[in-house]
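Visitor: I have a structure here, written as structure tokens, and I will follow up with some questions on it.
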Amino acid sequence: MTGPPGVARPYVLLSCATSIDGYIDDATDERLLLSNDADLDRVDEVRAGCDAILVGAGTVRRDDPRLLVRCERRRAERVARGLPASPTRVTMTGCGDLDPEARLFTVGDTDRIVYSASGAVEKTRHRLGELATVVDAGDPVDLARMLTDLAERGVGRLLVEGGAGVHGQFLAAGLADELHLVVAPFFVGDRRAPRFVGEGHFPWHPGRRAQVVEARQIGDVVLTRYALSERCDPAQGA
């Protein structure tokens, strides 16, 4: 799926960490640490190689992420290439309930874009003011329309970091080119907790398997890279 003729959508890379039984968090108020320092550094490198990072509004509310490149050397390398120190930060919302005090909007000086459902555009603009560019993305938010707009803004590589609903939408729509799935060595075992993706009709199934292009142990976690489209270059490391 792509945007209008002549406008190529960005390369879309999904990144997620889960427990052995497929949960991305537990049911407590504390954030569950699924990764380790070495893998977090790998993710930082992936971030540094992208033009934009996207999370859903639920992730902004729950985790309050900064979505910035952490490593000073990587930030400096981006600046030396004429890029901002960190990629553009992007979120999407159906209702406009975003806190203007969230770190996404208050920390760092990279561009911020919010894709809002049509019915919540005015509310979102009122809440955020000059903190972000708010774009009408249809009702409900149309991922293909959003990707076309990002491409027109010069985004060639988009990193999607969650949450589960956003990952599920990209996968079900066939709009993901690559998946980085990290598995932590423990179980959550609580059906109240969120899983990587819920029910849905996905392009990859027993009759059409995704291609594994890399499997690597990183400390006590395991990274598996899946090619989800012909655009994925197996030689491009994670």
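The values are calculated or read from the model by the stated rules, or taken from the named source; none is laboratory data. In this text the structure is predicted, and so the values were computed from the model without any measurement. Glycine gets a Cβ as well: all are built from the backbone with ideal geometry, and neighbour counts include every protein chain shown. Just the protein is used for accessible areas: all its heavy atoms, side chains included, with ligands, DNA and RNA removed. Shrake-Rupley method; radii C 1.70, N 1.55, O 1.52, S 1.80 Å.
Visitor: Return the pair list, or none, for Cβ contacts closer than 9 Å from residues in region 164-178 that are polar (S, T, N, Q) to residues that are open to solvent by 20 Å² or more (accessible area, probe 1.4 Å) and at pLDDT below 95, at least 6 apart or on different chains.
Guide: As it stands, the answer is GLN169/GLY200, since those pairs meet every condition given.
Visitor: Starting from residues that are assigned to a helix (DSSP H, G or I) and touching a strand residue (DSSP E or B) at 6+ places or on another chain (Cβ under 6 Å), keep the ones in region 55-70 and report whichever is surrounded by the fewest Cβ atoms within 10 Å (Cβ to Cβ). Lay out the reasoning, then the answer.
Guide: The first filter runs over region 55-70 and keeps only residues assigned to a helix (DSSP H, G or I), leaving 57-63.
So of that shortlist, the ones also touching a strand residue (DSSP E or B) at 6+ places or on another chain (Cβ under 6 Å) come out as 57, 60.
Numbers: ALA57: 27, VAL60: 24.
Here the answer is VAL60.
Visitor: Suppose the filter is at negative phi, modelled with pLDDT under 95, open to solvent by less than 80 Å² (accessible area, probe 1.4 Å) and of a type in the set (Asp, Glu); does ASP233 pass it? Write out each step before concluding.
Guide: Numbers: at negative phi: yes; modelled with pLDDT under 95: yes; open to solvent by less than 80 Å² (accessible area, probe 1.4 Å): yes; of a type in the set (Asp, Glu): yes.
Judged against the criteria, ASP233 is a match.
Visitor: Within region 27-54, which residues are in a loop (DSSP other than H, G, I, E, B), under 17 Å from ARG66 (Cα atoms), among the charged types (D, E, K, R) and open to solvent by 70 Å² or more (accessible area, probe 1.4 Å)?
Guide: Of everything in region 27-54, just one residue is in a loop (DSSP other than H, G, I, E, B), under 17 Å from ARG66 (Cα atoms), among the charged types (D, E, K, R) and open to solvent by 70 Å² or more (accessible area, probe 1.4 Å), namely ARG31.
Visitor: Still on this structure: What pairs come up if the first residue lies in region 113-131 and is open to solvent by less than 10 Å² (accessible area, probe 1.4 Å) and small (Gly, Ala, Ser), the second is modelled with pLDDT of 95 or more and assigned to a helix (DSSP H, G or I), and their beta carbons are under 7 Å apart, counting only those six or more places apart or on different chains?
Guide: SER116/THR124
Visitor: Within region 79-105, which residues are in contact with a Lys or Arg (Cβ under 9 Å, 6 or more places away or on another chain), surrounded by fewer than 21 Cβ atoms within 10 Å (Cβ to Cβ) and either assigned to a loop (DSSP other than H, G, I, E, B) or of a type in the set (Ser, Thr, Tyr) (or both)?
Guide: Those that are in contact with a Lys or Arg (Cβ under 9 Å, 6 or more places away or on another chain), surrounded by fewer than 21 Cβ atoms within 10 Å (Cβ to Cβ) and either assigned to a loop (DSSP other than H, G, I, E, B) or of a type in the set (Ser, Thr, Tyr) (or both): PRO84, ALA85, CYS95, GLY96, ASP97, ASP99, PRO100, ALA102.
Visitor: Could I ask something else about it? Can you pull out every residue in region 186-223 that is buried (at least 17 other Cβ atoms within 10 Å of the Cβ), more than 19 Å from the chain's Cα centre (by Cα) and under 29 Å from THR28 (Cα atoms)?
Guide: Listed by number, the residues that qualify are VAL188, ALA193, ILE218, VAL221.
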